[in-house]
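Remarks on the structure that follows.
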Amino acid sequence: MMILSIIVLNASPTLEQPGVLAPILIVGGLGLIFGLLLAFASKMFEVKVDPRVETICGALPGANCGACGLPGCAGYANAIVHEGIPLTRCAPGGPALAKQLSEIMGTEAGDVVRRIAVIHCSSGGFKNTNWKYAYEGIESCKSAVNIAGGPNTCSWGCIGYNDCMNVCTFDAISVDQHGMRCIDLIKCTGCGACVRACPRTLIMLIPIDRNVYIRCSSKDKGVLAKQVCGSMHSCIGCGICSKKCPVQAITVESSLGRIDYDKCINCGICATHCPTKAIEDQLAGARKIARIKPEKCIGCTICAKKCPVQAIQGDVKQVHAVDAEKCVGCRICVQKCPKEAIELF
Amino acid sequence: MGYLGEIFIMAMTAIFINNFVLAKFLGLCPYLGVSKKLDSAFGMGMAVIFVMTLASAITYLIRNTLLIPFDLGYLQTIAFILTIAALVQFVEMVIQKNAPALYKSLGVFLPLITTNCAVLGVAILNTEAKLTTGIDYRFIDAVLNGFFSGIGFTVVLLAMAGIRERLELVDVPKSMRGMPIALIVAGIMALAFYGFMGFKI
C-alpha cells in the first residue's frame, strides 16, 4: 500500500488538483490487491469436494421432490457419499437409478419395490359426492376442509378440489369426465407429494404388484358411513373381508378395514365378499389359474402345504392337481415349486 | 475520565444505547434469517464481530492513508464496499476450510454479510464519530468501535435466537407461526432497547 501511494503521489504532483488518475489508481489498485489476496486464499484454503457427489447429482432426476426424505437431490447426493444412506430412496429414479448409483458408489443397491399412490376413496366426483353446502372459496382441498368440516357430508372422503393433482410434479394425476382423479401407473413415481398434500390423508403408497384396494377411509360407524357416502361403496367395518382373507392381511379398526400389503397375496377374495363393494380388485376376472404339469410333478406336497386357499390336492409321491374353482392365482405355488412344474394359465 | 472510561462508554453505546439492529435498524436480514438456532446465531455473530473489527481497521487505514490525502472522500463508499466484499470472501474461505459445520449452518447468510449494511454502517459511522472529548476517532478507537458494534449485534442476535427457540414450543396461532411472530418479537425487543436511550453515562 505504501508503494502504491508513492506511485500515486508521483503521478499527481499537485495535491490540490488530483486529476482523474489518482482515484482510478487507488480504487483499481485496491481491487487488484484484494483480487490477488483472494486468489491466493482460494488456493491456500481450497476445500476438496468429493467428485462422486457431483456425479450422483448429475444422475439423480433433479425433481427435488423430497421422496428420499432429504432436502432436494443435492442433499441426497451428499448424504449418499458422506453418510452412507441407502441408494434406493429415490422414488422417481426407481431401480434403474439405484443400479446406476451402485455403479458410481461401487456398492450393492438392494431391491427397490416400486410403489404407486392410491386414493382410498371412491367418492369426490361430480355425481358420486353428497354435499353439505356449496363451497365457494379458494379452490383448494386444504382451504375447503377448514369450513364446517368440509363441504361434503362424509367427513373422511375426497372433496375433489384436486390438491393432489396440483402438487404432482410428474403430471401423473388427471381428472376424468366424472370429476374423479385418476393416477397414471406409468407416470407415478411414488414420491409421496400427493400423500402429504391431501388434507384427509386419503392417499397411500402401495407396491405396484398389489392390485386390491379398499377404496374408503371412513371411520364412521357402518350405518352413518353408508348414509353419508355419495358413491354407496363405503366400508362399513363388517369384517367379512378380514374373515375371508386366507392370509389374515386385513384388519378392521374403528369401522375401517385396512390391508397389510406385506401380507396380501393379491388374491381378490376380499373384493368378491365385500357387501358394499368398497374393495376394488383391479385384476377381477383377469386372474390366471395355476395348473400342474403332470410330467414334472414329483409329489413333494410343498405346493399343497403352501397354498393359502387349499386348492391343491394330492398324496405324497403322486401327481397333484389344482382345483380350478378354489384357486385364486396368487402365484405362491409357482414360486415354491422346486421343479418348476406349476404354471399359470 | 481516562481512556478506559472512554472505552466503556463506547462499548455501552454500541451494545445497548445505539445498538445497530434495534436502534439503527441496520443488519436486519441476518437478524431475522439466522436467529432460528442458537448455534448458528452464535457462529454468525462471531463472523460479524470478526468482519466488523477487521473492516473498521482496514477502512480506517484506507480512508486516512489513501482517500483523505488525495481529497477523494467521495470515493469512500465504493472503496469501503470493495474492502468489505473482499474481506467477507476471505472469511468465507477460511470458515469453509476450518469449520465446515459452521459454514453449513450459516449457509447463504455468510456471503450476505457482504451486503450487511451494519458492516458498511460501522465503517462509515466511524469516519464521523467523535470521542466525548470531541476529537475524531483514532485507529484504535475505530477498531474498538467496530468490535463493540459486532458484540452488540451478536448479543441481540443471540437473545432473539434464544427467544425463537422457546417460541418453537409455544402454541402460537397457526397464521402467526414463523416470521410473523418473529417480527413481533423483534418489535418488542426494539421497544425494550429504546429504554436504554435515556441512559446518561
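The values are calculated or read from the model by the stated rules, or taken from the named source; none is laboratory data. On a predicted model such as this, the values are computed, not experimentally measured, just so you know. Neighbour counts run over all protein chains shown; Cβ positions are idealised from the backbone, glycine included. All accessible areas refer to the heavy atoms of the entire protein, side chains included, with ligands and DNA or RNA removed. Shrake-Rupley method; radii C 1.70, N 1.55, O 1.52, S 1.80 Å.
So what does log10 I(q)/I(0) come out to for the stretch A:220-345 at q = 0.10 Å⁻¹, using the Debye formula with one equal point on every Cα and no solvent? The calculated log intensity ratios at q = 0.10 Å⁻¹ are -0.39. Relative contact order, whole percent, for the stretch A:113-180 stands at 36, derived from Cα pairs under 8 Å and 6 or more residues apart. Phi angles across the stretch A:227-238 convert, under the Karplus curve 6.51 cos²θ - 1.76 cosθ + 1.60 with θ = phi - 60°, into 3J(HN,Hα) values of 5, 7, 6, x, 9, 6, 10, 8, 7, 9, x, 6 Hz, Gly and Pro given as x. By the rule of a C-alpha distance below 26 Å, with chain neighbours fewer than 8 residues away ignored, the lysines paired with B:Lys36 are B:Lys24, B:Lys97, B:Lys104, B:Lys174.
Placing +1 on the Cβ of every Lys and Arg and -1 on the Cβ of every Asp and Glu, with no other charges, gives the stretch B:47-138 a dipole of roughly 220 debye about its Cα centre.
Suppose R0 equals 56 Å; then what is the FRET efficiency for A:Val175 and B:Leu131 from their Cβ-Cβ distance, rounded to the nearest 0.05?
Step by step, r from the Cβ atoms, then E = 0.15.
Of the residues A:Val247, A:Ala271, A:Cys198, the one whose Cα sits farthest towards the positive end of the charge dipole of the stretch A:196-345 is A:Cys198 (charges of +1 on Lys and Arg Cβ, -1 on Asp and Glu Cβ, taken about the Cα centre). For a paramagnetic label modelled on A:Arg114 (point 7 Å from Cα along Cα→Cβ), amide N atoms under 13 Å away are absent within the stretch A:135-174. Per-atom-type breakdown for the protein assembly as shown gives carbon and sulfur 62% of the accessible area (1.4 Å probe, protein chains only). Computed log10 I(q)/I(0) for the protein assembly as shown at 0.06, 0.07 Å⁻¹: -0.55, -0.68, from the Debye equation with unit scatterers placed on every C-alpha and solvent omitted. Per-peptide packing, taken as the mean over residues of other Cβ atoms within 10 Å, places A:177-189, B:14-26 in the sequence B:14-26, A:177-189 from highest down. Within the full protein context, the accessible area of A:Thr153 is estimated at about 50 Å² for a probe radius of 1.4 Å.
Is the stretch A:137-279 best put as rounded, prolate or oblate by its Cα gyration tensor, with a ≥ b ≥ c the root eigenvalues, rounded for a/c under 1.5, and otherwise prolate when a/b is larger than b/c, oblate when not? Oblate, since a/c reaches 1.5 and b/c is not below a/b.
Counting 0.36 nm for each residue step from A:Gln227 to A:Asp184 and taking away their Cα separation leaves a gain of 12.4 nm. For the pair the stretch A:211-244 / the stretch B:146-201, the C-alpha centres are spaced 53 Å from each other. Residues of the stretch A:24-64 whose accessible area, computed with a 1.4 Å probe over protein heavy atoms, drops by at least 50 Å² once all protein chains are present relative to their chain alone are A:Ile26, A:Val27, A:Leu30, A:Phe34, A:Leu38, A:Phe45, A:Val47. Modelled this way, with points 7 Å down the Cα-to-C-beta line, the labels at A:Val20 and A:Ala134 are 7.3 nm from one another. When the square roots of the Cα gyration tensor eigenvalues are ordered a ≥ b ≥ c, the ratio a/c for the stretch B:1-146 is 1.5 or more and a/b does not exceed b/c, which makes its shape oblate.
Taking springs between alpha-carbon atoms closer than 10 angstrom, which of A:Gly28, A:Gly125, A:Gly69 fluctuates most in the Gaussian network model of chain A? Highest fluctuation of the listed residues: A:Gly28. If contacts are Cα pairs under 8 angstrom and at least 6 residues apart, what is the relative contact order of chain A in percent? Dividing the mean separation by the residue count of chain A yields 11 percent. Only Lys, Arg, Asp and Glu carry charge here, each on its Cβ (+1 for the first two, -1 for the last two); on that basis the protein assembly as shown has a dipole of about 2300 debye about its Cα centre. Using Cα atoms only, what is the angle between the long axis of helix A:72-83 and the major principal axis of chain A, expressed in degrees (0 to 90) to the nearest 10? Compared with the principal axis, the helix lies near 90 degrees.
Separation of the stretch B:1-25 and the stretch B:114-140, taken as the distance between their Cα centroids, equals 12 angstrom.
With the cut-off at 23 Å, report for the stretch A:209-294 the share of all Cα pairs above it, as a whole percent.
Looking at the stretch A:209-294, the distances longer than 23 Å represent 23 percent of pairs.
For chain A, the longest principal axis of the Cα atoms and the long axis of helix A:94-105 meet at an angle of about 50 degrees.
Checking the Cα-Cα distances for A:Lys99/A:Lys263; A:Lys99/A:Lys293; A:Lys296/A:Lys326; A:Lys99/A:Lys336; A:Lys263/A:Lys326 against a 30 Å cut-off, the pairs over it are A:Lys99/A:Lys293. Is the stretch B:30-92 rounded, prolate or oblate when judged by the Cα gyration tensor, a ≥ b ≥ c being the square roots of its eigenvalues, rounded requiring a/c under 1.5 and prolate requiring a/b larger than b/c? It comes out prolate by the Cα gyration axes.
Only aspartates and glutamates eight or more places from A:Lys339 in sequence, or on another chain, were considered; those with a Cα closer than 12 Å are A:Glu295. Buried surface for the A/B pair, taken as the accessible area of each chain alone minus that of the pair with a 1.4 Å probe, is close to 1900 Å² in total. Averaged over its residues, the protein assembly as shown has an accessible area of 53 Å² per residue, based on protein heavy atoms and a 1.4 Å probe. Got a sec? Which residues in the stretch B:11-48 would a label at B:Met179 touch, if it sits 7 Å along Cα→Cβ and we count backbone N under 18 Å? Zone members listed by number: B:27-37. A straight Cα-to-Cα reach below 21 Å connects A:Lys132 with the lysines A:Lys142, A:Lys219, A:Lys221, A:Lys226, residues fewer than 8 places away in its own chain not being considered. In loop segments of the stretch A:259-337 as defined by DSSP, the GluC sites (Glu not before Pro) with at most 11 further C-beta atoms inside 10 Å of their C-beta are A:Glu295, A:Glu325. The angle between the Cα long axis of helix B:76-98 and the main principal axis of chain B comes to about 50°, on a 0 to 90 degree scale. Per-residue Karplus couplings for the stretch A:122-136, computed as 6.51 cos²θ - 1.76 cosθ + 1.60 with θ equal to phi - 60°, are listed in order as 9, 10, x, x, 5, 9, 9, 10, 9, 9, 7, 8, 8, 7, 10 Hz, Gly and Pro entered as x.
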